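Participant: Could you have a look at this structure, given as structure tokens, before my questions?
The values are calculated or read from the model by the stated rules, or taken from the named source; none is laboratory data. Every value quoted in this text rests on a predicted model; they were computed, and no experiment measured them. Ideal geometry is used to build each Cβ from the backbone, glycine not excepted, and the neighbour counts take in all protein chains shown.
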Amino acid sequence: MSATAPPTAPAEAGRGIRHGAVLAVTCLALATVVSAMASLNVALPDIARETHASQTQLSWIIDAYSLVFASLLLPAGALGDRFGRRRALLAGLAVFGTGSLLATLTATPNALIALRALLGVGAALVMPATLSTITSTFPRAERARAVGVWAAVAGASAVVGLLTSGLVLELGSWRAVFLLNVVLAAGAVIGTLVFVPESAEPGAASRDTVGAVLAVAGLGVLVYSVIEAPTRGWGSPVTLGGILLGLLVLAGFVRWELTRRHPLLDPRLFANPRFAAGSLSISLQFFAFFGFVFVMMQYLQLVRGDSALAAAVGVLPMAAAMAPSARLSPRLTARLGVRRPWVAGLLVAAAGLTVLAQLDRATPYGLVATGLVLLGAGMGLAMTPATTEITDALPPALQSVGSAMNDLARELGGALGIAVLGSVLSAAYRSHLPLPGMPPQAAEAARSSLAAATAIGGPVVARAQSAFAAGLHAALLGAAGVAVAAAVAVALLLRRADATAPAAEHGEDVLPGTGAGQDAEPALTVITGGASR
């Protein structure tokens, strides 16, 4: 068959099967690293008992992963562009699997913290490579459906990770959770070697070392400060100074990137209202989502008294609603346009969080399930268009960096959500826990956490559970407010995109001051390409 002849039906069928295999393998790799963000939460009691980890060390066993993950996403995306997305995927899976294997052999909390940070390095290479492989492999006509599957897996993997870890803990120790990571990573490596094609843009890939260092430093300091804020206090000099320093370094990163011909991330991309809407929506969605997971798992285990496995099973209605909703979203977008399903999804998620904010010690599970279904359905509807807008706005040469931006928005939003909503929960819990007549040392221990109050026992447990419910109300209402704010912002940005579309269609410069000059070409390509759809 000549190069210009149309493909035969068998060739088309074979290519379709390959696309399905690529999607399956990349989603397996994605699920492996995303589930690790939440799965270890279920195992913390066992880890504390065996390793004698303090509460601060337990926090860092969880947080070290997200901190490194978020800080390295942008340079990892650029590495995928330059050296190949398949190579980045394989390298990341190898680092992730090796770190997980070493974790099964350790017995000290500090070693676990270091190894979780190493897992974050691997995850930062894996996650942007999965989405950019899909967007560079699938034809445009099939890309929205594939991204919908990717978004569903990304959203549901945290819940599936909790469920799987709960099941594993019924059968073995906390080390089995890391061993499961090894098995999943090995399966993804084999699938990548067999099915995933290589793709790269070495000529256009950024080699911006200074930008990479500034991004890592700024994000690292900022995320570290936010994660430590609930412990040190939001008004402490260390917290405020760290946040200010992180923001100043990131401002320096933006200034530096504006001077580069091939920047790591061109700040002018955010002048595209669709790209900006997608990035903002993903960040705020996962602010609410991961903050919710952090609060909800404690509620189910420590207020309702569920086991780890029962608590994980209890949140399955959210994942069950999220997956079909994410698959339905592209069809609704094709019929109604991108704005309506997207904004509706954010509002439905806000409604679900509002329902869940009403939970207390005596709430029947039916109300819990109703809130979870609404939250999952709304997240699924909103995630797919947000992710698609980010990736479709970028040319092929920037797909890995665009994917990394999508993932960075998720990770930063999630880290901030856990820190901010966790701080709201803690403050409300302490203020609503009266402990008259209790010795000061015991009272302070009870106020430190619901788990500590439960260990004390006696009448303080019921009071602590009621105080925790008050904190849950405040935190989840705050999360609902964030989801509503996201809906308003997305609606305004998409309206602006519709207003600028005629100018883009006629080739007019929609970014003042960038119409001439070679350095403006990447941003202008993205702006006109995104706005004209």
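Participant: As an exercise: evaluate THR106 against (1) in contact (Cβ under 8 Å) with a residue 12 or more places away in the chain; (2) hydroxyl-bearing (Ser, Thr, Tyr); (3) more than 15 Å from GLU411 (Cα to Cα) and give the number of the one condition it does not meet.
Facilitator: Exception for THR106: condition (1).
Participant: If I filter the range 237-247 down to residues being in contact (Cβ under 8 Å) with a residue 24 or more places away in the chain and surrounded by fewer than 18 Cβ atoms within 10 Å (Cβ to Cβ), which single residue comes out as nearest to the chain's Cα centre (by Cα)?
Facilitator: LEU247
Participant: Take the conditions touching a Ser or Thr at 6+ places or on another chain (Cβ under 8 Å), assigned by TED's automatic domain parsing to the domain that holds THR384 and closer than 12 Å to THR387 by Cα and apply them to ALA158. Does it pass?
Facilitator: no
Participant: Now, a different point. Search the range 268-314 for residues being surrounded by fewer than 24 Cβ atoms within 10 Å (Cβ to Cβ) and not in a helix (DSSP H, G or I), and hand back the single one that is modelled with the highest pLDDT.
Facilitator: ARG304
Participant: How many of the residues in the range 239-267 are in a helix (DSSP H, G or I) and touching an Asp or Glu at 6+ places or on another chain (Cβ under 7 Å)?
Facilitator: 3
Participant: Another one. For the range 21-122, list the helices (runs of 4 or more DSSP H) that sit wholly inside it and hold at least 3 residues that are over 18 Å from the mean Cα position of the chain (by Cα) and farther than 30 Å from THR454 by Cα; which are they? Outline the logic, then answer.
Facilitator: Numbers: elements: 44-51, 55-83, 85-103.
Hits in the range 21-122: 55-83, 85-103.
Participant: Next question. Assess whether GLY84 counts as being buried (at least 24 other Cβ atoms within 10 Å of the Cβ) and not aliphatic (A, V, I, L, M).
Facilitator: Numbers: buried (at least 24 other Cβ atoms within 10 Å of the Cβ): no; not aliphatic (A, V, I, L, M): yes.
Spelling it out, it is not the case that GLY84 is buried (at least 24 other Cβ atoms within 10 Å of the Cβ) and not aliphatic (A, V, I, L, M).
Participant: Related question: With respect to SER466, is the statement that it is polar (S, T, N, Q), modelled with pLDDT under 90 and farther than 29 Å from ALA323 by Cα true?
Facilitator: Spelling it out, it is not the case that SER466 is polar (S, T, N, Q), modelled with pLDDT under 90 and farther than 29 Å from ALA323 by Cα.
Participant: Considering SER449, SER423, which residue is surrounded by fewer than 20 Cβ atoms within 10 Å (Cβ to Cβ), in contact (Cβ under 8 Å) with a residue 12 or more places away in the chain and within 20 Å of the chain's Cα centre (by Cα)?
Facilitator: Step by step, each of SER449, SER423 is checked, and only SER423 is surrounded by fewer than 20 Cβ atoms within 10 Å (Cβ to Cβ), in contact (Cβ under 8 Å) with a residue 12 or more places away in the chain and within 20 Å of the chain's Cα centre (by Cα).
Participant: Every residue in the range 237-291 that is among the small types (Gly, Ala, Ser) and assigned by TED's automatic domain parsing to the domain that holds TYR224, please.
Facilitator: Residues satisfying the conditions are GLY241, GLY242, GLY246, ALA251, GLY252.
Participant: Something else now. Among the candidates ALA321, ALA357, ALA350, single out the residue that is touching a His at 6+ places or on another chain (Cβ under 7 Å) and touching a residue at least 40 places away in the same chain (Cβ under 8 Å). Spell out how you get there, then give the answer.
Facilitator: Numbers: ALA321 fails: touching a His at 6+ places or on another chain (Cβ under 7 Å); ALA350 fails: touching a His at 6+ places or on another chain (Cβ under 7 Å).
Matching residue, one of ALA321, ALA357, ALA350: ALA357.
Participant: Suppose the filter is over 18 Å from the mean Cα position of the chain (by Cα) and closer than 21 Å to ALA70 by Cβ; does ALA185 pass it?
Facilitator: Spelling it out, ALA185 is indeed over 18 Å from the mean Cα position of the chain (by Cα) and closer than 21 Å to ALA70 by Cβ.
Participant: Here is a follow-up. What tally of residues in the range 39-69 results from selecting those that are modelled with pLDDT of 80 or more and of a type in the set (Gly, Ala, Ser)?
Facilitator: The qualifying residues number 3.
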